[in-house]
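Taking it in order: structure first as structure tokens, then the write-up.
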Amino acid sequence: QFVESGGGLVQPGGSLRLSCAASGVSVDYYVIGWFRQAPGKEREGVSCIWRSDGSTVYADSVKGRFTISRDNAKNTVYLQMNSLKPEDTGVYYCAATRAVTSFPLLKYEYDDWGQGTQVTVSS
């Protein structure tokens, strides 16, 4: 139902825009989150966008550098990533949930996951 794209190799300081395209469901019906997982590390929440008013939440590590947005007409959620750092490297996943019971950047809040897209920040 959710397919990520847009990953790749970028130099430190560069930018990438990830896309999370939904099929069969409407993105504005869900809270959509972006997560990432580096090798040997736990999957961590990066950002999310609420289904109702489109308000957003960011992890401290990406505040001011990443921007999440939603295009209802294209049924897609984006993650614009600027000023990328090597520590941003990992597989990025989008995920969806109808309701958040605790904190919106916790992975177990989410039910449906995409397959992930690799982001590598390296010179």
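The values are calculated or read from the model by the stated rules, or taken from the named source; none is laboratory data. Predicted model only: the values in this text are computed from it and were never measured. Cβ: placed from backbone, ideal geometry, glycine included. Neighbour counts: every protein chain shown. Surface accessibility is based on the protein's heavy atoms, side chains included, excluding ligands, DNA and RNA. Shrake-Rupley method; radii C 1.70, N 1.55, O 1.52, S 1.80 Å.
Remarks
- With N the number of residues in the chain, Rg(Cα) / (2.2 N^0.38 Å) evaluates to 0.97.
- Dimensionless Rg ratio for region 25-75, taking C-alpha atoms and the 2.2 N^0.38 Å reference: 1.24
- Think of each Lys and Arg Cβ as +1 and each Asp and Glu Cβ as -1; about the Cα centre, that makes the dipole of region 15-109 roughly 120 debye.
- Share of carbon and sulfur in the accessible area of the chain stands at 47%, probe radius 1.4 Å.
- Anchor K85: aspartates and glutamates whose Cα lies under 15 Å away (excluding residues fewer than 8 positions away in-chain): D60
- Charged-residue dipole, Cβ positions (Lys, Arg, Asp, Glu), region 12-65 about Cα centre, Debye nearest 20: 200 debye
- Using θ = phi - 60° and Karplus 6.51 cos²θ - 1.76 cosθ + 1.60, couplings along region 84-89 (whole Hz; Gly, Pro as x): 5, 10, x, 6, 7, 4
- The chain - Cys residues lacking any other Cys C-beta under 4.7 Å: C48
- Whole-Å semi-axes of the ellipsoid equivalent to region 83-123 (Cα gyration tensor, √5λ, descending): 26, 12, 6
- Charge dipole of the chain about the Cα centre (unit charges at C-beta), most positive-ward option of S55, Y29, A99: S55
- Y108, Y29, reordered so the largest accessible area comes first (probe 1.4 Å): Y108, Y29
- For region 1-120, the relative contact order is 35 percent, taking Cα pairs closer than 8 Å that sit 6 or more residues apart in sequence and dividing their mean separation by the residue count.
- Per-residue SASA entry for Y93, accessible area with 1.4 Å probe, Å² rounded to 10: 30 Å²
- For the chain, accessible area per residue (1.4 Å probe, heavy atoms of protein chains only), Å²: 49 Å²
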